[in-house]
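The values are calculated or read from the model by the stated rules, or taken from the named source; none is laboratory data. The shown structure was predicted, so the numbers you read here are calculated from the model rather than taken from an experiment. Reconstructed Cβ throughout: ideal geometry from the backbone, glycine too, with neighbour counts over all protein chains shown. All accessible areas refer to the heavy atoms of the entire protein, side chains included, with ligands and DNA or RNA removed. Shrake-Rupley method; radii C 1.70, N 1.55, O 1.52, S 1.80 Å.
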Amino acid sequence: MTFVRGLFTALLVLMVSTAGTSVAIATPEGQMTWAVHISLAPTWFDPAETQGIITPFMVLYALHDAMVKPMPGNAMAPSLAESWSATKDGLTYDFVLRQGVKFHNGDSVTAEDVKFSFERYRGAAHKTLKDHVAGVDAVDPRRVRIRLKQPWPDFMTYYGSPATGAGWIVPKKYVEKVGDEGFKKLPIGAGPYRFVSFTPGVELVLEAHEQYWRKAPSVRRLMFKVVPDASTRLAMLKRGEADIGYSIRGALAEEIRRTPGLTLKATGGAFTEWITIIDQWDPKSPWADRRVRLAANLAINRPAINEAEYLGLAKATSSIIPSAFDFAWPAPLYPRDPQRAKQLLAEAGYPNGFDAGLISADFVYVSIAEVVANYLQAVGIRIKVQPLERAALIKANQEKKLKNLYRGGSAAFGNAATRIEAFVLSDGMFAYGGYPDIDGLFREQASEPDRKKREAILHRIQQLMYDKAVFAPLFEPAFLNGFGPRVAESGLGLINYHGYSAPYEDVKLKAR
């Protein structure tokens, strides 16, 4: 018996010793550098201001954490909330917070922070959320109750996915102390990395938060360098100045494939891009005529653009809804038919075409806007390209200041309803107008408990979008990225549909 007790004690000591060794090995080391394609904006440091696009989550997945979020192998993984449940009537959702989780400043994550974060939220779909939610209760420090005004089938899609930032939690006491602007200057979250410094237009530096609840990050420091020029991003990869380079397309992507030590990685799934026809709600504009909008769709050679820009890895589409999304309707593809496009323009009263003003695009995708503009001009729609920096374009878009056309896109998670809500409804965050029949059908589907009936309504909305030629959809793009020889795990593609590296606590450098 004494021998057994002695053996047990020895094993226990060995286990403790081994555990200690494991922690030591897991200590974060090294620096991983990203060459990012856009200029980072402080608004992306604050979940409350999340737009209906995926770009902010490049930062949010590092600095912050959500109640529920997409993770590897789970599109709705328990995170700050270790569990949740809904009542049978669909009116109440109870969340249990994970015990012992702390923000970067040492404050515990509590139900009050969850309540505060929801009530403070003002980003994408905030009106939809507020219209459906009757109240948020901090039942006790670890229990949160969200009460709905009526059953809402999409509640968890809006709250538990990057369709919005409403479920991403910030520290109430700290935000109240420093204010909104102070928070963006020195954000504190509960994510795997803490804020170190930010130089606008240059770089963002983050450092590992070793007490992160899921696991300690492997890499000590993350650096995101702003590099708008794709050829420079590629050169940085070749020289070892960057470990990962985002959005490197066309001939430069082919060069990654040919370069020893570099790897080309395509991500996507929730990403669609399109041309938004802003002027269709101006009755004096040629774009108010459906025939003109249809002509534009028939003018564009999508397969040719796909080969040139995405190496043929993208998927041409006639919808702004990703085909993998729940409730997506398979819209028939628009064929390229320039002769029919010219005929439609003539029927609409523009046999010699017309001056269409500007097509705006951020610098990353200006080459696609230029090719689209060339195809439009070939049938008589004369238009010039206006390049804008990403953050400036998003801001102008939210404030409804863009004119004529713009190259739009979104890789935000969700389903057909969330994408329609942001870009199609009359009061959507990025909509410049709307159609009463679509608005009415959207309200109808939002409260429809029967899934099949709801799907039929959402399909009808998408059919109307197609029939009216509301957009000129282009692709479900392949987001092309490269990484270098030091990288053991880039994080690219670990989370289904997510274009960027994530989760950051999983990225790794190769052992020296």
**Request:** Could you pull out which residues in region 151-172 have an amide N less than 13 Å from a spot 7 Å beyond the Cα of Ala86, following the Cα-Cβ vector?
**Result:** 151-161
**Prompt:** Measuring from centroid to centroid over Cα atoms, what is the spacing of region 272-326 and region 220-249 in Å?
**Reply:** 30
**Fill in**
Probe 1.4 Å, heavy atoms of protein chains only: per residue, the accessible area of the chain in Å² is 41
**Prompt:** In percent, how large is the relative contact order of the chain, given Cα pairs closer than 8 Å and 6 or more residues apart?
**Reply:** 21
**Request:** Taking the Cα centre of the chain as origin, sum charge times position over the Cβ atoms of Lys and Arg (+1) and Asp and Glu (-1), and report the length of that vector in debye to the nearest 20.
**Result:** 540
**Asked** From the backbone phi of region 312-326, what are the Karplus-calculated ³J(HN,Hα) couplings (6.51 cos²θ - 1.76 cosθ + 1.60, θ = phi - 60°) in whole Hz, Gly and Pro given as x?
**Response** x, 8, 7, 10, 4, 8, 10, 9, 8, 8, x, 5, 7, 6, 4
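State to the nearest 20 debye the size of the charge dipole of region 259-390 about its Cα centre, where the only charges are +1 on K and R beta carbons and -1 on D and E beta carbons. Kindly include the intermediate steps, with their values, before the conclusion.
Values: 13 positive and 13 negative charges, 54 e Å.
My answer is approximately 260 debye.
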**Request:** Please go through the residue pairs Lys342/Lys403; Lys403/Lys468; Lys149/Lys177; Lys88/Lys453; Lys185/Lys384 and name each one whose alpha carbons sit more than 26 Å apart in this structure.
**Result:** Lys149/Lys177; Lys185/Lys384
**Prompt:** Once the dipole of the chain is set up with Lys and Arg at +1 and Asp and Glu at -1 on Cβ about the Cα centre, which of Ala62, Leu313, Gly240 lies farthest towards its positive end?
**Reply:** Gly240
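Determine the relative contact order of region 408-489: mean sequence separation of Cα pairs under 8 Å and six or more apart, normalised by residue count, in whole percent.
15
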**Fill in**
The set of residues whose placed amide H lies less than 5 Å from the amide H of Met71, leaving out same-chain residues fewer than 5 positions away, is Met76, Ala77
**Message:** Need the list of lysines near Lys225 for cross-linking: C-alpha distance under 16 angstrom, and skip anything on the same chain fewer than eight residues off.
**Reply:** Lys238
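Cα-based Rg of the chain per 2.2 N^0.38 Å, rounded to two decimals?
Values: Rg = 24.5 Å, N = 512, 2.2 N^0.38 = 23.5 Å.
That works out to 1.04 for the chain.
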**Request:** Would you kindly find the accessible area of Leu264, with a 1.4 Å probe and non-protein molecules such as ligands, DNA and RNA excluded, rounding to the nearest 10 Å²?
**Result:** 40
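Placing unit charges on C-beta atoms (Lys and Arg positive, Asp and Glu negative, everything else neutral), compute the dipole magnitude of region 417-512 about its Cα centre in debye, rounded to 20. Numbers along the way, then the final one.
Values: 12 positive and 13 negative charges, 99 e Å.
It works out to roughly 480 debye.
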**Message:** Give me the percent of accessible area attributable to carbon and sulfur for the chain, probe 1.4 angstrom.
**Reply:** 54
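Could you calculate, for region 93-238, the ratio of the Cα radius of gyration to the Kirkwood radius, expressed as Rg to Rh?
Working: Rg = 17.9 Å, Rh = 17.3 Å.
For region 93-238, the value is 1.03.
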**Asked** What number, rounded to the nearest 500 deg cm²/dmol, is the helix-based mean residue ellipticity at 222 nm of the chain, given -39500 (n - 2.57) per DSSP H run of at least four residues and division by all its residues?
**Response** -10000 deg cm²/dmol
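Please give the contour-minus-distance gain from Asp337 to Thr232: 0.36 nm per residue of separation, less the Cα-Cα distance, rounded to one decimal in nm.
Working: separation 105, 0.36 × 105 = 37.80 nm, distance 3.73 nm.
This chain segment gains 34.1 nm when fully extended.
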**Complete:** Protection proxy (average C-beta count within 10 Å per residue), highest first, orders 218-228, 201-211 as 218-228, 201-211
